[in-house]
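Below: one structure, written as structure tokens.
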Amino acid sequence: MNPLYNIGIGAYRLAVKAASLRNPKARKMLEGQASTFSYLKERLDRNCRYIWIHASSLGEFEQGRPLIEKIKACHPEKLILLTFFSPSGYEVRKHYDKVDAVCYMPFDLPCNVKRFLDLVNPEMAIFVKYEFWGNYLMELKRRGVPTYIISAIFRPSQRFFHPWGRMFRQMLHCYTHIYVQNEESRRLLSQIGVDNVDVCGDTRFDRVMQVKNEAKEFPILAAMTAHSPFTLVMGSSWQPDEDIVIPYFNTHPEMKLVIAPHEFDAIRLKQLLHKIKRPVALYSHTSAEAAGKLDCIIIDCFGILSSLYRYGSAAYVGGGFGAGIHNINEAAVYGIPVIFGPNFGKFREASDLIAVGGGFSINNAHDFKAVADSLIGDHGRLHAVGAIADNYIKNHVGATDFIYQDLFPGK
């Protein structure tokens, strides 16, 4: 790669080292990367070749997961290495049992790249969504390793499409094939001479449908919501989201509320409990018998949110007053209206859901009141909007099968 690119990656590595003195996530990343090569030497069979799948973080893993599981189901003999760049992905999925090895991807420096690929000996490399690492891509191409990116999405503001972006455009020519989410992405790539592209949608739709079909039952939630005319499930919430929803809930006895905060500790949970003026309990501190007398449950554990939306009449998905909304498809797949904040510009599914009438973006408490009032006060509208959300998800499944058939034709 261009020396300037390598200088930039080196500077980024130094910045992570500096941050690790105070930031636990940065520290975990460095510690994980430090053990990658010894892990690979011990774990991998040097006489075998691996399908290497890389996901930056947990969200990208969930996009790649349907394809991983499809490959393993159809080709149990295939060996798969899964790598992450972020601790938020690795720490949660380091024991994922549908692959043969899981580790951190080393920084994209030439010495790391050659050493990593020598150890892995990939027969195929698959990157998920936003992964453009120049040295890895150039070396994979040089070695003749078929290399793909799935569920990719491109925007005019990205560096590939600027006059000064030649170095980054070169990366795109390293992919054997690019699978994009929408026609706009295909058109943008075509304008810069990248035509080995298929529009096949987003594998996240396949994943949320799979999660829905495998959803677990939670007797505590079932008991609280059993006789409620309207239950709002608030997923991945942050304080700005809660400051809008909780005051409304406190003054509307006809509704019940489930809150699953995105992050929490003892102090944050105590603050949430204090804000709620109706019968409330932490999920871990109640029972199905007691939950029947509650109006609100706060989820104080991780890993169950995607199954909890089944108990909602509608959903509020957090993050829209911060860096960006979380996964709205997880809620919409249950055929319920989805409400979220204004920062959804990078999420095509949010714009789509608004356009078809299955979702609502709000800017403030007044907006939320208007939407909630319209849903609570009109059950016909509530079910009609939910049906729209349900159809939207069903109309967008199938990306995983498309990609799989392309990668393994006739198998």
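The values are calculated or read from the model by the stated rules, or taken from the named source; none is laboratory data. Note that this is a predicted model, so its numbers are computed, not measured. Because the Cβ atoms are built from the backbone with ideal geometry, glycine has one as well, and the counts that use them run over all protein chains shown.
Listed values, structure above:
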| read-out | value |
| --- | --- |
| Segment 21-38 residues that are within 13 Å of Phe107 (Cα to Cα) and in the same structural domain as Phe84 (by TED's automatic domain parsing), paired with ones that are aromatic (Phe, Trp, Tyr) and assigned to a helix (DSSP H, G or I) (beta carbon under 8 Å, 6 or more apart) | Gly32/Tyr90; Thr36/Phe116; Phe37/Phe116 |
| Of all residues making up segment 68-99, the number that are charged (D, E, K, R) and assigned to a loop (DSSP other than H, G, I, E, B) | 5 |
| Helices (runs of 4 or more DSSP H) (entirely within segment 317-411) containing at least 3 residues that are crowded, with 21+ Cβ neighbours inside 10 Å | 329-332, 348-356, 379-394, 399-407 |
| Those residues of segment 103-134 which are in contact (Cβ under 8 Å) with a residue 60 or more places away in the chain and either outside the structural domain of Arg186 (by TED's automatic domain parsing) or in a helix (DSSP H, G or I) (or both), in sequence order | Pro110, Arg115, Phe116, Leu119, Val120, Gly134 |
| Selected residue (criterion: nearest to Leu40 (Cα to Cα)) from residues of segment 70-87 that are free of Cβ contacts under 8 Å to residues at least 40 places away in the same chain and among the charged types (D, E, K, R) | Lys78 |
| Close pairs (9 angstrom Cβ cut-off, 6 or more residues apart or separate chains): closer than 17 Å to Ala291 by Cα and touching a residue at least 24 places away in the same chain (Cβ under 8 Å) in segment 218-241, basic (Lys, Arg) and assigned to a helix (DSSP H, G or I) anywhere | Phe218/Arg310; Leu221/Arg310; Val233/Arg310 |
| Leading residue by the ranking (surrounded by the most Cβ atoms within 10 Å (Cβ to Cβ)) among those in segment 178-196 that are out of contact with any Phe, Trp or Tyr (no Cβ under 6 Å at 6 or more places or on another chain) and small (Gly, Ala, Ser) | Ser190 |
| Checking Met124 against (1) modelled with pLDDT of 95 or more; (2) hydrophobic (A, V, I, L, M, F, W, C); (3) surrounded by fewer than 16 Cβ atoms within 10 Å (Cβ to Cβ), the condition it does not meet | (3) |
| Residue that is farthest from Ala223 (Cα to Cα), among those in segment 277-301 that are touching a residue at least 24 places away in the same chain (Cβ under 8 Å) and surrounded by fewer than 18 Cβ atoms within 10 Å (Cβ to Cβ) | Lys277 |
| Given (1) at pLDDT 95 or above; (2) among the hydroxyl-bearing types (Ser, Thr, Tyr); (3) farther than 21 Å from Lys129 by Cα; (4) surrounded by 15 or more Cβ atoms within 10 Å (Cβ to Cβ), number of the condition Ser307 does not satisfy | (1) |
| Filter result (closer than 17 Å to Ala34 by Cβ and modelled with pLDDT under 95) within segment 88-102 | Tyr90, Glu91, Lys94 |
| Residue ID - nearest to the chain's Cα centre (by Cα), chosen from residues in segment 379-411 that are of a type in the set (Lys, Arg) and under 23 Å from Val356 (Cβ atoms) | Lys394 |
| Output for segment 135-154, where each listed residue is closer than 22 Å to Gly59 by Cα and touching a residue at least 40 places away in the same chain (Cβ under 8 Å) | Tyr148, Ile150, Ser151, Ile153 |
| Matching residues in segment 182-198 - criterion: being within 20 Å of Met171 (Cβ to Cβ) and either hydrophobic (A, V, I, L, M, F, W, C) or within 20 Å of the chain's Cα centre (by Cα) (or both) | Ser185, Leu188, Leu189, Ile192, Val194, Val197 |
| Residue within segment 137-157 that is within 29 Å of His396 (Cα to Cα), touching a Gly at 6+ places or on another chain (Cβ under 8 Å) and modelled with pLDDT of 95 or more present | yes |
| Enumeration of residues in segment 88-127 that are of a type in the set (A, V, I, L, M) and either under 16 Å from Tyr50 (Cβ atoms) or in contact with a Pro (Cβ under 8 Å, 6 or more places away or on another chain) (or both) | Val99, Ala101, Val102, Met105, Val113, Leu117, Leu119, Val120, Met124, Ala125, Ile126 |
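One line per residue, one yes/no per condition, for (1) of a type in the set (S, T, N, Q); (2) farther than 17 Å from Asn6 by Cα:
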residue	(1), (2)
Asp108	no, no
Phe127	no, yes
Phe132	no, no
Lys141	no, yes
Thr147	yes, yes
Ala152	no, yes
Phe168	no, no
Val197	no, yes
Met209	no, yes
